[in-house]
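Read-outs: derived from the displayed coordinates by stated rules, not from any lab. This structure is a prediction, so every number in the text was calculated from the model and none was measured. Here Cβ is always computed from backbone atoms with ideal geometry, including for glycine, and neighbour counts include all displayed protein chains.
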């Protein structure tokens with residue numbers, strides 16, 4: 001995939017951008033650049049596929065509510081991630097025009113990518129990329145969200161059918177907080193990692 005257009009537009013919007021052909025090379029780059037610090041990871045299948053918890057734990061103190069340390073509670077993992085120097089997340093949709101979209105049920109991922117960390121990495125497989133904002137939002141709502149709802153096992157129409165967002169009122173709804181980055185926030189040091197593989201949802 002040619003990342004030149006999206007890379008150029010993201011740079012214009014204030015992001016640092018790195019491009020990798022493989023998940024393995026992206027993970028090695030991050031492991032080389034993240035050392036001797038605290039790291040938080042948001043709920044991300046992409047991060048899991050890159051093996052980031054294992055790789056980064058070799059030289060860092062990593063907090064991830066999907067990978068609890070012995071004796072650690074989920075709340076402690078969330079709090080550790082919130083206070084970490086480095087935060088890692090993926091996205092649910094990203095437009096070639098440079099807009100970035102995330103949808104969250106608890107709000108931890110969307111909150112942590114806005115402000116407060118020394119460095120934020122957004123890891124993005126090529127399947128997350130759409131031509132424009134409208135199509136990126138459609139992807140986030142109708143592809144990523146139903147797949148995540150199925151993974152979690154919530155009782156929602158999108159999880160049952162796996163075909164689209166029903167904008168439901170179900171108690172288990174995971175689409176509760178929508179975040180759109182039009183540009184990089186002023187006080188956020190954020191690097192977008194574009195990977196030429198299909199990763200995550």
Worksheet item: Any idea which residue in the stretch 162-171 is surrounded by the most Cβ atoms within 10 Å (Cβ to Cβ), counting only those that are within 21 Å of the chain's Cα centre (by Cα) and over 13 Å from residue 92 (Cβ atoms)?
Response: 164
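For (1) surrounded by fewer than 20 Cβ atoms within 10 Å (Cβ to Cβ); (2) closer than 17 Å to residue 90 by Cα; (3) without any contact (Cβ under 8 Å) to a residue 12 or more places away in the chain; (4) in contact with a strand residue (DSSP E or B) (Cβ under 9 Å, 6 or more places away or on another chain), each residue gets a yes or a no:
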position: 116; (1), (2), (3), (4): yes, no, no, yes
position: 119; (1), (2), (3), (4): yes, yes, no, yes
position: 122; (1), (2), (3), (4): no, yes, no, yes
position: 143; (1), (2), (3), (4): no, yes, no, yes
position: 147; (1), (2), (3), (4): yes, yes, no, no
position: 154; (1), (2), (3), (4): yes, no, no, no
position: 160; (1), (2), (3), (4): yes, no, yes, no
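Here's the yes/no breakdown for (1) crowded, with 22+ Cβ neighbours inside 10 Å; (2) over 20 Å from residue 115 (Cβ atoms); (3) in contact (Cβ under 8 Å) with a residue 60 or more places away in the chain:
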residue: 51; (1), (2), (3): no, yes, no
residue: 59; (1), (2), (3): no, yes, no
residue: 66; (1), (2), (3): no, yes, no
residue: 70; (1), (2), (3): no, yes, no
residue: 73; (1), (2), (3): no, yes, no
residue: 80; (1), (2), (3): no, no, no
residue: 85; (1), (2), (3): no, no, no
residue: 91; (1), (2), (3): yes, no, no
residue: 96; (1), (2), (3): no, yes, yes
Worksheet item: Under the condition of being assigned to a helix (DSSP H, G or I) and in contact with a helix residue (DSSP H, G or I) (Cβ under 9 Å, 6 or more places away or on another chain), which residue from the stretch 2-43 is farthest from residue 197 (Cα to Cα)?
Response: 31
Worksheet item: Would you call residue 130 touching a helix residue (DSSP H, G or I) at 6+ places or on another chain (Cβ under 6 Å) and under 23 Å from residue 96 (Cα atoms)?
Response: yes
